[in-house]
Every structure is written in C-alpha cells, then in structure tokens.
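Peer 1: Here you go, one structure.
The values are calculated or read from the model by the stated rules, or taken from the named source; none is laboratory data. All values derive from a computational prediction rather than experimental measurement. So basically every Cβ, Gly included, is an ideal-geometry build from the backbone, and we count neighbours across all protein chains shown.
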Amino acid sequence: MYFAGIDVGSLTAQAVVINAKGIVAYKSMGVKPHPVQSAKAVVDMLVKEEGIDWREISFCVSTGYGREQVQAEGLSQDNVSEISCHGMGASWLVPEVRTVIDIGGQDAKVIRVGKGGELVDFVMNDKCAAGTGRFLEVQARTLGLSLDELGTVSFQAERTLELSSRCSIFCETEVLHYLQRGHSKADIAAGVNRAMAERVAALVRRVGLEKEVTMSGGVAKNAAVRAELERMLNVRLIKYDTDSQIVGALGAALMARKMGGGS
C-alpha cells in the first residue's frame, strides 16, 4: 500500500510517497501562482520522473498554506496543519528529536514534540518577513548572490557586520549602505545570516529548548545560519539523511498512512 503527502508552501511545493517500509519517492519544486496548480505540478513531476501510479495511492494528506484548497480539489483526502506534519516528519527521521526549527518562506516555527512526534508546544513568527526565508532571499538579491552563495560566502568573512534593524526592509537599506561604503559581500552576508539566527534563536527560547534539536525547511541548507544557531543555542543541530525541505510532506504522508489504515 502506498500513501502520499503534499506540502504547498509560499515558495516551494513537495510531494512524498511512502509505504510500510519508508520513503518510496519524493519531489520538490518552486510554487505556481495558485496552491492547486503547485500541488498538481509536483504530483505530475513525481508521477512522470519516478514512475509512480497515483491511482495506487491509498490515502493522501495535504499540508501547508494551500492544504484546504488541495483537498477541496480532490488531490488529497484530508488536510493537517504544517506544524503537526513537520513535527511528525522530523520525529520519524530522527526519533530522538524533541525540538524542531522550521523556517519557511514566510514564517518561522519552533515545535516541541514528544516521543513519536506528538505535538507538545510551538511558537510561530508569521507577522514579519524578518526571520524567514523571504528575509534571506531579499538580502541575497540585494548583495547579488544566490541563496546558496549567501550561506557559503559567509565563511570567507573577515568580520561579521552588525545589522541593527529588526525589519526586513530596513535591513535591506543597511545592506545597501554597507555595500556603498565598500564592505565585502562576505562580511555583509555573515551579518545577514547572524541576524537571521538571532531572530530564530529568540523564538527557540520562547518555547523552551529541549534536546535533541533539528531543522527543517529550505533555510536548514544554509550552513552559516546553522552554525550561528548552534553557537547561540549551544547545541548540535542533527542533520537528516534526506532533503530538509520534504519534512512537512513526509509528515503528511505519515499522517495519511495512519488515517488510511496503514498503521
């Protein structure tokens, strides 16, 4: 029996197929203008590239921003919040995890889970772009760097420049100011990544840190942000053996297996 999860976020969409043994296939892509379009596109990609027959999917759960619309369109049989799905997916990948830091395109969440991935507590920042993937995207564009380069170039910095503003837009102005004064992109990027980590670390402290700790979402791939968080929180962030961006969709697939009688 096969079960699936579809996660449509603000920047990317993922689909994961599992069976009783584990992950069978997954795909990730940038979003389309509408959540349903994104869901259909990522499912089509998975079907074509992985040879999955979607008619063999016994049950599918959708999550993320477009989860209700995806279900209404008939692409999933139920929908579950991304908070529960990220907790479940991370716990399945790392059974000992108790704190999950999920940084999406437009929000950041810190999730406390118990044994088996059940939700214990969470805190969320969705009121401001600062502390989200969008923040890094804006600053990287201002620096003329890709998101990947924003992380790697930081390790070439001779010093970390301070970004004093708590607002993403004002931070962009500070970045431009530093560039105009001749500071290196590496030093500025180091400041951007540290500012990002500071905002997320504050969320972690609000919900309470419990080891073990891991990250999900695209920002988990930014080595500089990871390193800053490890320093600030005095922890080692456990890495997955798979793509950090599929954790939510994986959690949805695990929920589908439970709902669909696959245990």
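Peer 1: Quick one: in region 15-31, of everything that is among the β-branched types (Val, Ile, Thr) and not in a loop (DSSP other than H, G, I, E, B), which residue is surrounded by the most Cβ atoms within 10 Å (Cβ to Cβ)?
Peer 2: Step one: filter region 15-31 for residues among the β-branched types (Val, Ile, Thr), giving 16-18, 23-24, 31.
Okay, now just the ones that are also not in a loop (DSSP other than H, G, I, E, B), so 16-18, 23-24.
Values: VAL16: 30, VAL17: 26, ILE18: 24, ILE23: 15, VAL24: 16.
So, considering only residues that are among the β-branched types (Val, Ile, Thr) and not in a loop (DSSP other than H, G, I, E, B), the one surrounded by the most Cβ atoms within 10 Å (Cβ to Cβ) is VAL16.
Peer 1: Condition first: of a type in the set (Lys, Arg) and under 17 Å from the mean Cα position of the chain (by Cα). Now tell me which residues in region 20-41 satisfy that.
Peer 2: Here is the first cut: in region 20-41, the ones of a type in the set (Lys, Arg) are 21, 27, 32, 40.
Correct list: LYS27 only.
Peer 1: Can you name the number of the only condition in (1) in contact with a Leu (Cβ under 8 Å, 6 or more places away or on another chain); (2) of a type in the set (Gly, Ala, Ser); (3) modelled with pLDDT under 95; (4) assigned by TED's automatic domain parsing to the domain that holds ALA252 that SER84 fails?
Peer 2: Only one criterion in (1) in contact with a Leu (Cβ under 8 Å, 6 or more places away or on another chain); (2) of a type in the set (Gly, Ala, Ser); (3) modelled with pLDDT under 95; (4) assigned by TED's automatic domain parsing to the domain that holds ALA252 is unmet by SER84, namely (3).
Peer 1: Looking only at region 1-18, how many residues end up being modelled with pLDDT of 95 or more and in contact with a Phe, Trp or Tyr (Cβ under 8 Å, 6 or more places away or on another chain)?
Peer 2: 8
Peer 1: Looking only at region 138-192, how many residues end up being of a type in the set (S, T, N, Q) and not in a loop (DSSP other than H, G, I, E, B)?
Peer 2: Here is the first cut: in region 138-192, the ones of a type in the set (S, T, N, Q) are 139, 142, 146, 152, 154, 156, 160, 164-165, 168, 173, 180, 184.
From what is left, the residues that are not in a loop (DSSP other than H, G, I, E, B) are 139, 142, 152, 154, 156, 168, 173, 180.
So the answer is 8.
Peer 1: I would also like to ask the following. When only residues in region 150-186 that are in contact (Cβ under 8 Å) with a residue 24 or more places away in the chain and of a type in the set (D, E, K, R) count, which is nearest to ALA108 (Cα to Cα)?
Peer 2: Ranking the candidates gives ARG166 first.
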